[in-house]
Amino acid sequence: MSDENMREGERSNDRGHWSDSGEDDGHVWGWQNNTAKDPWAWVHTGKGIVDEWLPRNEKENLKLLYPPIGHEEARLWLHNELGRFPDSWGSSVPLLGTINNQLRDGILVRQEVMFGYLRWDARPDEIDEFSRGLTGKEWCDEQWRRTCPGCDMFPTFSGQEVIQRLRETFSELQSVHRDYVLSLATVTERGCAMMKLSQTRNLELRHSLWKAAQEEYARMVSLQEHRAQLEKLAQVLLKLAAAAILYAV
């Protein structure tokens, strides 16, 4: 075999996945290229392709640099974050690829905010009415709406308040992301183990692994949805944080 053919074989194996044709005696399973549109189809049918490389595309730990509470320290944090390349985070979490854009959006706010309306360690002296009982995302969206030009009401947050909210969101996002990656690995491991078992000689164990994979898959989807919600929350908080760091007095 030529060196080129060997390299091509290695590339094909890198794209390989455990699959089950549903046949036994002869039972056929082995490496196949991932041509399935839905990588999780096997969870619903108990047959098909398990992409065992999916967990390897996710890094367990997000490298989020928390903004400090102190105003001067927060300015240095903002300066450093704006200087980072968008792809330097090395993760598939969408937030991390757009974090610079969120911070830059915080620069373009209404003139009143630019010229001393916000306080760093206290809320503004004159506070417009603000609805109670809002969710964290609703609170952030309303604060950002008031921070932008064209709104007849003003934001009510302090710099320290929004920084603290961002730190808490970052912490929860890291925790949920870590749980998601571990859950993803667990689903995949159970699927691979299931596909390696004979459908005739190990039917009961296969069924048990399939049900366990389905249960973990449901948990994984829930974690993924929670992570997406936290990303959206963090994106608005990043804008508010940038505005507070730059313009609060």
(request) Starting from residues that are farther than 16 Å from residue 247 by Cβ and small (Gly, Ala, Ser), keep the ones in segment 95-141 and report whichever is modelled with the lowest pLDDT. (result) 97
(request) Go through segment 37-65 and give me each residue that's in a helix (DSSP H, G or I) and over 18 Å from the mean Cα position of the chain (by Cα). (result) 41, 42, 43, 44, 45
(request) Starting from residues that are under 20 Å from the mean Cα position of the chain (by Cα) and either assigned to a loop (DSSP other than H, G, I, E, B) or farther than 16 Å from residue 239 by Cα (or both), keep the ones in segment 66-85 and report whichever is modelled with the lowest pLDDT. (result) 85
(message) Within segment 199-211, does at least one residue satisfy the condition of being out of contact with any Pro (no Cβ under 9 Å at 6 or more places or on another chain), over 30 Å from residue 127 (Cβ atoms), of a type in the set (Gly, Ala, Ser) and at pLDDT below 95?
(response) no
(message) Out of everything in segment 214-235 that is surrounded by 16 or more Cβ atoms within 10 Å (Cβ to Cβ), out of contact with any Lys or Arg (no Cβ under 7 Å at 6 or more places or on another chain) and of a type in the set (A, V, I, L, M, F, W, C), what residue ends up being farthest from residue 101 (Cα to Cα)?
(response) 220
(request) Name every residue in segment 106-136 that is part of a helix (DSSP H, G or I) and farther than 13 Å from residue 239 by Cβ, in order of residue number. (result) 111, 112, 114, 136
(request) Go through segment 41-53 and give me each residue that's out of contact with any strand residue (DSSP E or B) (no Cβ under 9 Å at 6 or more places or on another chain) and either at pLDDT below 90 or more than 17 Å from residue 196 (Cα to Cα) (or both). (result) 44
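The values are calculated or read from the model by the stated rules, or taken from the named source; none is laboratory data. Nothing here was measured: the structure is a model prediction, and the numbers come from that model. Backbone-built Cβ (ideal geometry, glycine too); neighbour counts: all protein chains shown.
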